[in-house]
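The values are calculated or read from the model by the stated rules, or taken from the named source; none is laboratory data. What you see is a predicted model; the values in this text were computed from it and never measured. Methodologically, a virtual Cβ is constructed for each residue, glycine included, from the backbone with ideal geometry; neighbour enumeration extends over all protein chains shown. SASA here: full protein model, heavy atoms, side chains in, ligands and nucleic acids out. Shrake-Rupley method; radii C 1.70, N 1.55, O 1.52, S 1.80 Å.
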Amino acid sequence: MSRIGKLPISIPTGVTISQDKDGIVTVKGPKGELCQKVDKSINVKIEDGQVTFEVDENSPVNIKQKQAFHGLYRALVNNMVVGVSEGYKKEMELVGVGYRVSNQGNLIEFSLGYTHPIFLQLPKEVKVETKSERNQNPQLILESADKQLLGLICAKIRSFRKPEPYKGKGILFKGEVIRRKSGKSASAK
């Protein structure tokens, strides 16, 4: 059995969890509503303010796959519960001369040293805020209840200018440290 899958999820106040007959778990809270389909090999029990996950021994799925699903679906539902109650927040900063970011609603405009600006339209589930202060790197703050969606958007933004090890330029997460490399060393003749 999965160590993670065995752990019960306590339901915080203001959050409701329900499951329909198709195996879709719905979590509603103050920050929004999220849904996740759970495989038939995992039984979800919602009782006494806790959610538990158990492996269905009679399902035709092999045992290794059941164990993997056990921990996976427990973690996904836990992320949903935390998301609708507290929410998730990612902070990114743009390191480089002339790098800028601005937003109008959910449309973000990046100026990253290319010949053209890059525009990215975010889904309505994600809130965005940009900060540009003098003598500091421009910052981008993203907030959402959906951890998976937030991670996908951060990966997409980061792919516009990946951090490089020679000058340390690129789009970084706040507090991230890039291992620096030395450039070419002069050859002695």
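Data overview
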read-out: Rg and Dmax of the stretch 73-129, Cα atoms only, in Å; value: 15.4, 46
read-out: Cα-based helix-to-principal-axis angle, 63-85 vs the chain, degrees rounded to 10; value: 70
read-out: Label-point separation in nm, Arg134 to Tyr166, each point 7 Å along Cα→Cβ; value: 3.4
read-out: Nearest 10 degrees, 0 to 90: helix 147-160 Cα axis against the chain principal axis; value: 20
read-out: The stretch 57-189: projected area of the alpha-carbon convex hull, averaged over directions, in nm²; value: 14.4
read-out: Sum of side-chain charges, Lys162 neighbourhood, beta-carbon under 13 Å (Lys, Arg +1; Asp, Glu -1); value: +3
read-out: Solvent-free Debye scattering, log10 I(q)/I(0), computed from the Cα coordinates of the stretch 1-59 at q = 0.24 Å⁻¹; value: -1.10
read-out: About the Cα centre, charge dipole magnitude for the chain (Lys/Arg +1, Asp/Glu -1 at Cβ), debye; value: 1320
read-out: Set of lysines near Lys162 by C-alpha distance (under 19 Å), chain-local residues within fewer than 8 positions excluded; value: Lys90, Lys174, Lys181
read-out: Surface per residue (accessible, 1.4 Å probe) for the stretch 1-146, Å²; value: 60
read-out: The stretch 61-101: equivalent-ellipsoid semi-axes (sqrt of 5 x gyration tensor eigenvalues, Cα, Å); value: 37, 16, 5
read-out: The stretch 1-134: proportion of alpha-carbon pairs further apart than 26 angstrom, %; value: 44
read-out: Calculated [θ] (222 nm, deg cm²/dmol) that DSSP helices of n ≥ 4 give over the chain, each run adding -39,500 (n - 2.57); value: -7000 deg cm²/dmol
read-out: Over the stretch 112-175: Kirkwood hydrodynamic radius from C-alpha pairwise inverse distances, Å; value: 13.3
